[in-house]
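Trainee: My structure is below; once you've seen it, I'll send some questions.
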Amino acid sequence: MMLIKTADALVATGLVEDASGLEAVAAKYAIGITPAVVALIEAGEPDDPIARQFVPTAAELVTTPEERVDPIGDLSHSPVEGVVHRYPDRVLLKAVHVCPVYCRFCFRREMVGPQGLGTLTAAELDAAIAYIAGHTEIWEVILTGGDPLVLSPRRLREITARLAGISHVKIVRFHTRLPVVEPQRVDEALVEALKASGKTTYLAVHANHPREFSPEAKAAMGRLVDGGIVLVSQSVLLRGVNDSVETLAELMRCFVENRVKPYYLHHPDLAPGTSHFRLSIEEGQALVAGLRGRISGLAQPTYILDIPGGHGKADIGAAEISGGDGCFTVRDYRGGEHRYPPE
Ligand code: SF4
């Protein structure tokens, strides 16, 4: 089976019955569904949480007033093409704006895909690396995009080798969907290419539902950890995908069982045509509060809002403490309130 990229291919493979309206969606936002993802979808199940993440719907044509083309303000913090420098000690390096799949809720959906910002040219990559080399406060380089793991091991090796040569960079981090959506591509050559000599490589695995942990995906994560890469998770809280305590608990446990430390649970960003995925922050806080006590501390993610406009991330997990002046009220995982210090 080939990569599904068009409305007609969605019909031909039986993922949708009727493509009407989807041509208009496809004209705006890229479609991409790999065979590994198709295998995860339960055919004929209209509310399938995997299909909901990847199969386009006409709901994407509805844009609400608060939605914006650049929801987390990448463009206003980009000193050179492909670099986002939002916090002093770390930068995003967006070498490529292509992904193996196209998530229907993507926060960078206006930038990724065949009509997106493309891949950095050799000169642009030179300028991006020169920027990083010239800013000694940069401790961490985060390769995102797009999905940087669409690059060949040879291209990735070129980038990691150049980062290895910058003494103030200590951490190289990749953000990717690949272990779940194209696990067979995570082979020894790719794992080796992610490592920058003398640096520590972290990789954030993007998965949103426990069913994404196929035997092949688990094996890919295992190859990464065994290859010396530290894995952390990132998930997006999505209506109709993982908006229950049970599903989130199982998802976080899947990460931990596969040696992926739960890291970020993102509140969905204000990307155009994604309102059908968004929960309120209160709903998100109630779900996150429900995880406390229910699952191990190892499995707790941080619930994060990327403040629109590029103001960075805020931890919006349920506030468990209030008060001040040495006198606080702390809420336990059952909702009980306690004075601190105790009377
Ligand atoms: S893999 Fe990431 S960047 Fe690519 S479409 Fe999905 S959310 Fe967007």
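The values are calculated or read from the model by the stated rules, or taken from the named source; none is laboratory data. What you are looking at is a predicted structure, and each value in this text was computed from that prediction instead of being measured. Cβ placement follows ideal geometry from the backbone for every residue including glycine, while neighbour counts extend to all protein chains displayed. Calculation scope for accessible area: heavy atoms of the full protein, side chains included, ligands and nucleic acids excluded. Shrake-Rupley method; radii C 1.70, N 1.55, O 1.52, S 1.80 Å.
Trainee: Scanning region 113-150 for residues that are over 20 Å from THR200 (Cα atoms), open to solvent by 10 Å² or more (accessible area, probe 1.4 Å) and part of a loop (DSSP other than H, G, I, E, B), which turns out farthest from the ligand (Cβ to nearest atom)?
Mentor: So, considering only residues that are over 20 Å from THR200 (Cα atoms), open to solvent by 10 Å² or more (accessible area, probe 1.4 Å) and part of a loop (DSSP other than H, G, I, E, B), the one farthest from the ligand (Cβ to nearest atom) is THR121.
Trainee: Which is away from the ligand (no atom under 16 Å from the Cβ) and either in a loop (DSSP other than H, G, I, E, B) or surrounded by fewer than 18 Cβ atoms within 10 Å (Cβ to Cβ) (or both), of GLU158, GLU110? Before the answer, list the steps.
Mentor: Working: GLU110 fails: away from the ligand (no atom under 16 Å from the Cβ).
Within the list GLU158, GLU110, the selection yields GLU158.
Trainee: Let me ask you something else. Against the conditions (1) more than 10 Å from the ligand (Cβ to nearest atom); (2) at negative phi; (3) within 23 Å of the chain's Cα centre (by Cα), where does GLY165 fall short? Just the number, please.
Mentor: Exception for GLY165: condition (3).
Trainee: Does LEU305 qualify as being open to solvent by 20 Å² or more (accessible area, probe 1.4 Å), at pLDDT below 95 and part of a strand (DSSP E or B)?
Mentor: yes
Trainee: Restricting to region 183-203, name every residue that is part of a helix (DSSP H, G or I), open to solvent by 60 Å² or more (accessible area, probe 1.4 Å) and either polar (S, T, N, Q) or within 16 Å of the ligand (Cβ to nearest atom) (or both).
Mentor: Passing the criteria: GLN184, ARG185.
Trainee: Restricting to region 248-270, what's the tally of residues that are of a type in the set (A, V, I, L, M, F, W, C) and open to solvent by 10 Å² or more (accessible area, probe 1.4 Å)?
Mentor: Residues in region 248-270 being of a type in the set (A, V, I, L, M, F, W, C) and open to solvent by 10 Å² or more (accessible area, probe 1.4 Å): 3 in total.
Trainee: Let me ask another. Looking at region 169-182, is at least one residue more than 16 Å from the ligand (Cβ to nearest atom), buried (at least 16 other Cβ atoms within 10 Å of the Cβ) and of a type in the set (Asp, Glu)?
Mentor: No, because not a single residue in region 169-182 is more than 16 Å from the ligand (Cβ to nearest atom), buried (at least 16 other Cβ atoms within 10 Å of the Cβ) and of a type in the set (Asp, Glu).
Trainee: Could you pull out every one of the helices (runs of 4 or more DSSP H) wholly within region 8-89 that has 1 or more residues that are at pLDDT below 95 and either out of contact with any Leu (no Cβ under 8 Å at 6 or more places or on another chain) or surrounded by 18 or more Cβ atoms within 10 Å (Cβ to Cβ) (or both)?
Mentor: 22-28
Trainee: Further question on the same structure: Being outside any loop (DSSP other than H, G, I, E, B), open to solvent by 60 Å² or more (accessible area, probe 1.4 Å) and touching a strand residue (DSSP E or B) at 6+ places or on another chain (Cβ under 6 Å) is the requirement here; does LYS218 meet it?
Mentor: No; evaluated as a whole, the condition is false for this residue.
Trainee: Kindly indicate whether HIS85 is of a type outside the set (Gly, Ala, Ser), under 22 Å from the mean Cα position of the chain (by Cα) and farther than 20 Å from VAL25 by Cβ.
Mentor: For HIS85, the condition - of a type outside the set (Gly, Ala, Ser), under 22 Å from the mean Cα position of the chain (by Cα) and farther than 20 Å from VAL25 by Cβ - is met.
Trainee: What are the residues in region 51-66 that are within 28 Å of LEU15 (Cα to Cα) and not polar (S, T, N, Q), if any?
Mentor: ALA51, ARG52, PHE54, VAL55, PRO56, ALA58, ALA59, GLU60, LEU61, VAL62
Trainee: Please find, among VAL169, VAL186, the residue that is closer than 30 Å to ARG253 by Cβ, in contact with a Lys or Arg (Cβ under 9 Å, 6 or more places away or on another chain) and without any contact (Cβ under 8 Å) to a residue 40 or more places away in the chain.
Mentor: Selected residue: VAL186, the only one of VAL169, VAL186 that is closer than 30 Å to ARG253 by Cβ, in contact with a Lys or Arg (Cβ under 9 Å, 6 or more places away or on another chain) and without any contact (Cβ under 8 Å) to a residue 40 or more places away in the chain.
Trainee: Which ones in region 166-182 are part of a loop (DSSP other than H, G, I, E, B) and touching a Ser or Thr at 6+ places or on another chain (Cβ under 6 Å)? Even if it seems obvious, please write down each step before you answer.
Mentor: Applying the first criterion (part of a loop (DSSP other than H, G, I, E, B)) to region 166-182 yields 166-170, 177, 182.
Answer for region 166-182, where residues must be part of a loop (DSSP other than H, G, I, E, B) and touching a Ser or Thr at 6+ places or on another chain (Cβ under 6 Å): HIS168, GLU182.
Trainee: Sticking with this one: Is it the case that region 318-337 has a residue that's modelled with pLDDT of 90 or more, among the acidic types (Asp, Glu) and open to solvent by 20 Å² or more (accessible area, probe 1.4 Å)? Don't jump to the end; show me each part of the working.
Mentor: Going through region 318-337, the residues modelled with pLDDT of 90 or more turn out to be none.
Checked region 318-337: no residue is modelled with pLDDT of 90 or more, among the acidic types (Asp, Glu) and open to solvent by 20 Å² or more (accessible area, probe 1.4 Å).
Trainee: Given the residues GLY21, GLY82, GLY14, which is the only one that is within 16 Å of the ligand (Cβ to nearest atom) and out of contact with any Gly (no Cβ under 6 Å at 6 or more places or on another chain)?
Mentor: Details: GLY21 fails: within 16 Å of the ligand (Cβ to nearest atom); GLY14 fails: within 16 Å of the ligand (Cβ to nearest atom).
When all the criteria are applied, what remains is GLY82.
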